[in-house]
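S.K.: Structure provided below as structure tokens; questions to follow.
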Amino acid sequence: MRVSLTWLREFIDLPTGDPIQLGRVFDYLGHAVESIEVFDVAWSGVRIGEVVEVGAHPNADKIRVARVDVGDASPHQIICGAWNFEAGARVPVALPGAVLPGGFEIGKRAIRGVESHGMICSERELGLGEDHEGIIVLDGNPAIGDPFESLLELPDVVFDLEVTNNRPDVMSMIGVARELAAWYDIDLRMPVISLPTVPGEPKVGVTISAPDGCNRFTAREVRGITSGKSPLWMQQRLHKAGVRAISNVVDVTNYVMLELGHPLHAFDADVIAGNSLDVRWAREGETLETLDGAVRRLTPQDLVIVDGDGPTSLAAIMGGARSEVAATTRNVLMEAAHWDPPTVMYSSRRHDLQSEASKRFERGVDPNLAPMANDRACQLLTNLAGGDVVATQIDIVANPSAPVVIELATSDVQRLLGTRFSTDPIAELLGRLQLEVVPNSERLTVTVPTYRPDLTRPADLVEEVARLADFDTFPETLPTGPAGGLSAEQTHTRTLVTTLRGLGLHQAVNLPFVSPDELAAFAEEVGDVVSVRNPLRDDQAKLRQSLLPGLLRNVRDNLNRGAGAVALFEIGRVFFARPWPEDDRVPDQPNRVAVAITGPFGFGGPADPPPTADATTALAAVAAIATRMGLDVARAAAQPPGYHPTRTAALTINGRPLGYAGETHPGISRLFEIDSRVAIVELELAPLVAARGTFEMTPISNYPHVDFDLSFEVPPGLPGGDLVSATARASDLLEAVTIFDDFVHPETARRSIALHFRLRASDRTLSRQEIERERDALVTAAAALGAQLRSA
Amino acid sequence: MEDNRPDSTTPDVDESVDLDAKLDEMLLDLRLPDPEALQRELDRIETSEDLAAFERDHLGRKSVIARELSNLGKLPDDQRREVGRRIHEVRLDLQQRIAHRHASLATQEQAGRIAAESLDVTVDYRTFPVGGLHLIQQVIDEVSDIFIGLGYKVADGPEAELGWYNFDALNTPPDHPGRLESDTMYLDYGKPEDELLLRAHTSPVQARYMEQHDPPVYIVVPGKCYRNDTVDASHLPVFYQIEGLAVDTDIQFSDLKGTLAEFARQFFGPSTRVRLRPHYFPFTEPSAEMDASCPSCDGGSASCRVCGGSGWLEILGCGMVDPNVFEAVGYDPNEVTGFAFGMGVERVAMPRYGIDSIRHFVDNDLRFLEQFPG
């Protein structure tokens, strides 16, 4: 809402004109100032003149020679290209020496051989508006020779206020003035409306067939007006409010909308077919050409005003082209109706058509304002365009609105705002808002005018008290709550995240929307897809079932940007169309953690680069996570979709699935346009963070260790991990076992695995016999798996 | 070697005079090397190998000293002791000279080696990969920790949510524009009347938490939210919020103000001031927006890029919990009061870190991520 300070002063006597101070007051009232615009005189030397005579130019057809009296000894000769004035017109004249906006200096010059001593100005030349069709013709009889700016409300300040959805009343000058009056505790002057009428009945009859869409319909007929431009002062006020001046009839409706907050519509009364208007729901397939020239297909959810020929106006949003007022309009039906806000909102969204009127109606205009707004518009119209107002006002009330009465207990206010608010201060503050307040000991009976639809309950009044008391006056206190903290799962999640960070990975955040291809890439359960009904893009309508598509996109993008290695992780939800265990009304949406690494990754440099990431990197990452989380993660070869079929492990904790680690399937890499191998891991978050393993100290032996190596030839298909764990179980004295060589003979295809063992006892130095015994036990355990000790 | 001879300093004058004369004669016969000459030779040696050869020549088995020592046994008893002493003296002297030379050579050689293996320490020959939490995660953790210090727990809830929790439980009117498809993303799932959607804010977790827990409630809820916004410099369809809720028997408006002021001081710095401006949210009454004094200019610069010259940064929306919300979750609004707040994580992070476009938060460009190695 754009608010001109000079216009505002019509209604209140403000204690300050300082824009900064007023801006703060608007902020404190809850109407945030989005911008403050200063309007000032942007010219010098422009005076009011009267055209004494105007005649043809001897050498040109399109321009004329005028003689203009600006109060000097003799009239000035000025060449002018505009044709919208004749002798007797009073006009703004820039004499030689004048400077127009943009630093344009006026001098004497000859035009087609005739000397011109200045310029008669258009709106655009003075920066007052867009009109450049003709020059400004002043109405009334402004004093000749006066500075032109004396006719304008300059300088002026315009505040652009962000009006919250619950405050339709602030979408008007009166509403804004009322707020300031309450803040400063000063008087509010309403516009004085006196409306002389001529006896008679309007020739147009009105009915409401859709009372659920139209609460009230008020109209007056004005006969015999003269359509034309509205005066400069009105044009300027509209201009500052951001509304384009069109004609006196239309300008008046907009002016009253800005002033009082009630949108109006002016019909050309002579083109209303059948002299009847009805408010009804549109019929399927009906169309309406609106004022903006668009032909709109209507639905039964659209409310229309129809005449004998069908829809003639999209109620509350935009008038129809057919009944538009024009330069020839003589008789006007001035309508002020109150429409159902949701109907307006849905209609305006459906037609993607937001007007100043629809913005107000969908928030909720005062349902009892229509007759006054109607009268005010007719008053201004006859002032500007002449004509007679017909005495009988059409006023059909389909749904009456009565003021709301709220019983407010003083304690309601004190509970939230503190004990300083006893009954009297509450009554005083609410009274300033022009609410009718009857205090009665510890209670107040508050009657709320219908222009404040936001006030219906005691809580709403508490807000008004707090607001007018000024939020700045409240102290700062802290509640005494219980102890806070993270849950075990939350702490473990932080441990997990810092583990991944410690591995050198960066955390990524992706949108959860994927294409069908990306979805299918890692889909385990086809058909369990959750789709967005109204997606931003049709190819991003599916909710992800894996974090990997997003990470692979990130890998590709970073590689394309020139990154040599990319190492990312993400934590987030994936979505499946099946009930969520925690609430079966919503889809399953478990949290996952995923890793994607490509390129040379780890400690190293240009001369000795780290190993290039592959499935082993993924397995190592899982091992690091398992160690840090204190979990025993088992691995087995697996072929989940999207992963490399021979380089991927399924991971479990105590037999419960945890996820997968490996490499991308070559086909998936192609889909994501990645040439290099990508190490990928995706794990369910819940089992990872449900419980960290217990950490208890194992006594540390001070006795010497014994190291030895054994090499086995293993049968085909024996997982190396099985050999490790079987031997690990075979000896109580085994401190560590690691695979240090894993070799497949290129010709025989026999696989040899060499293990390094370390034995140590907690309480003694091992004897040669003990070492031999343990060694035999390890060999036996390996043999049980079919692994034969190779001769040394 | 056995030496039974009395010490030359024995007071047996007569004998010693006689003995001394003989000894002098003997010693002159010894062909021991000249220490000064040896030293000159030593000084010319520049390598450990040459020094070892020198040592071999002069102290080894075939050296003069070794030969003279082996001849000692042939001497009469009275001479052996003194001659032996003399040889040992010379040998010890030589050993010391060699050790000295050895030490100085070792020092020289180490210095040479050190000089040869010099490293240009201004060059990064190798690097460790350094990871980092996403800036959003960093801010979430920082804000959560501030509120944990104030006695809050951290709560979580579903992102695919029921319309009831997202709107109705939060006192959102049935015809609120936020419910339109132009604002909120709806899901093809469940019964149509359940209005499954991607939550538009973290506030539904308020309602869920209160349904499941009795007061008092002190929680913060960080999480992902969704709006039907196309991507531009200040809009993303996915963004993060941190919601806060305090419900107790006697929470007042001043508690809201004090809590958020304390938060702002911890987050933006101890001299931060806050102001509340009335606003409108369906789920709070009174409602307010909170501004924090600009941490960059503190209101001192009309051209400040962080706050746009206003001196204030809009940080969050807040208010006292609307009684209708309490009723929706089964709390008695006559028994409890509370406040709630919600802040956009990106919105507080952007001015703090000078981030010019919200898109950076989801681009996952390493050149961005690596700038915030938190």
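S.K.: Once the other residues with Cβ under 14 Å from the Cβ of A:Val438 are scored (Lys, Arg +1; Asp, Glu -1), what is the net sum?
M.R.: -4
S.K.: Sticking with this structure for a sec: Relative contact order (percent) for the range A:427-542, with alpha-carbon contacts under 8 angstrom and 6 or more residues of separation?
M.R.: Working: 58 pairs, mean separation 16.2, N = 116.
Relative contact order comes out at 14 percent.
S.K.: Report the label-to-label distance for B:Ala99 and B:Asp183 in nanometres (one decimal), using points 7 Å from each Cα along the Cα→Cβ vector.
M.R.: 9.4 nm
S.K.: Right, something else. Per-residue mean of other chain beta-carbon atoms within 10 angstrom of the beta-carbon, peptide B:247-258?
M.R.: 6
S.K.: With the cut-off at 1.5 for a/c, could you classify the range A:591-694 from its C-alpha gyration tensor as rounded, prolate or oblate?
M.R.: oblate
S.K.: Ok, one more. So what's the angle, to the nearest 10 degrees on a 0 to 90 scale, between helix A:341-350 and the longest Cα principal axis of chain A?
M.R.: Taking the Cα atoms of chain A, the angle to A:341-350 is about 70 degrees.
S.K.: Restricting to DSSP loop positions (anything but H, G, I, E, B) with no more than 15 other Cβ atoms inside 10 Å of their own Cβ, which trypsin sites (Lys or Arg not before Pro) remain in the range A:207-299? Provide the component values of the computation, followed by the final result.
M.R.: Numbers: sites: A:Arg216, A:Arg220, A:Arg223, A:Lys229, A:Arg237, A:Lys240, A:Arg244, A:Arg280, A:Arg283, A:Arg296, A:Arg297; in loops: A:Lys229, A:Arg244, A:Arg283.
Sites meeting the loop and neighbour criteria: A:Arg244, A:Arg283.
S.K.: Let me ask something additional. Using Cα atoms only, what is the angle between the long axis of helix A:488-502 and the major principal axis of chain A, expressed in degrees (0 to 90) to the nearest 10?
M.R.: 80 degrees
S.K.: Give me the dipole magnitude in Debye, nearest 20, for the range B:294-374 about the Cα centre, with unit charges on the beta carbon: positive for Lys and Arg, negative for Asp and Glu.
M.R.: Working: 5 positive and 11 negative charges, 92 e Å.
Once rounded to the nearest 20, the dipole reads 440 debye.
S.K.: Expressed as a rounded percentage, what relative contact order does the range A:82-142 have, with Cα pairs under 8 Å and six or more residues apart?
M.R.: Answer for the range A:82-142 is 38 percent.
S.K.: Would you please classify the overall shape of the range A:76-149 from the alpha carbon gyration tensor, given that a ≥ b ≥ c denote the square roots of the eigenvalues, rounded means a/c under 1.5, and beyond that prolate means a/b larger than b/c while oblate covers the rest?
M.R.: Working: a/c = 1.37, a/b = 1.19, b/c = 1.15.
Note, shape of the range A:76-149 comes out rounded.
S.K.: On to the next question. Please identify, among B:Thr172, B:Thr47, B:Thr284, the residue showing maximal mean-square fluctuation in a Gaussian network model of chain B using a 10 angstrom Cα cutoff.
M.R.: Evaluated over chain B, the most mobile residue of the options is B:Thr47.
S.K.: Using only helices, what value at 222 nm comes out for the protein assembly as shown when you add -39,500 (n - 2.57) per DSSP H run of length 4 or more and divide by the total residues, to the nearest 500 deg cm²/dmol? Kindly include the intermediate steps, with their values, before the conclusion.
M.R.: Working: 32 runs with 357 residues, N = 1166.
About -9500 deg cm²/dmol.
S.K.: Would you work out the relative contact order for chain A, in percent, from Cα pairs under 8 angstrom that are 6 or more residues apart?
M.R.: Numbers: 1635 pairs, mean separation 64.4, N = 792.
Over chain A, the number comes to 8 percent.
S.K.: All other residues with a Cβ under 15 Å from the Cβ of B:Gly112 taken together, and with Lys, Arg as +1 and Asp, Glu as -1, what is their net charge?
M.R.: Local net charge: -3.
S.K.: Expressed as an acute angle from 0 to 90° and rounded to the nearest 10, what is the orientation of the C-alpha long axis of helix A:720-730 relative to the principal long axis of chain A?
M.R.: Approximately 60 degrees, to the nearest ten.
S.K.: While we're on this one: Under the rule a/c < 1.5 gives rounded, and otherwise a/b versus b/c splits prolate from oblate, where does the range B:292-374 land using the Cα gyration tensor?
M.R.: Working: a/c = 4.03, a/b = 1.74, b/c = 2.32.
In terms of gyration-tensor shape, oblate.
S.K.: What does the charge add up to near A:Thr197, with Lys and Arg as +1, Asp and Glu as -1, over the other residues with Cβ less than 12 Å from its Cβ? Could you put the intermediate results ahead of the total?
M.R.: Numbers: positive: A:Arg220, A:Arg223; negative: A:Glu201, A:Glu221, A:Asp375, A:Asp388.
Charge balance in the 12 Å sphere: -2.
S.K.: Here is a follow-up. Highest GNM mean-square fluctuation, chain B, Cα pairs closer than 10 Å: which of B:Ser293, B:Ser310, B:Ser48?
M.R.: Highest fluctuation of the listed residues: B:Ser48.
S.K.: Using a 10 Å cut-off around each Cβ of peptide B:168-178, what is the average number of partner chain Cβ atoms that fall inside?
M.R.: Values: counts 0, 0, 0, 0, 0, 4, 1, 8, 3, 8, 1.
Average neighbour count from other chains, rounded to a whole number: 2.
Here, each number is a calculation from the coordinates, and none is a lab measurement. These numbers come from a predicted model, not from an experiment. For neighbour counting, all protein chains shown are included, and Cβ atoms are generated from backbone atoms with ideal geometry for every residue, glycine included.
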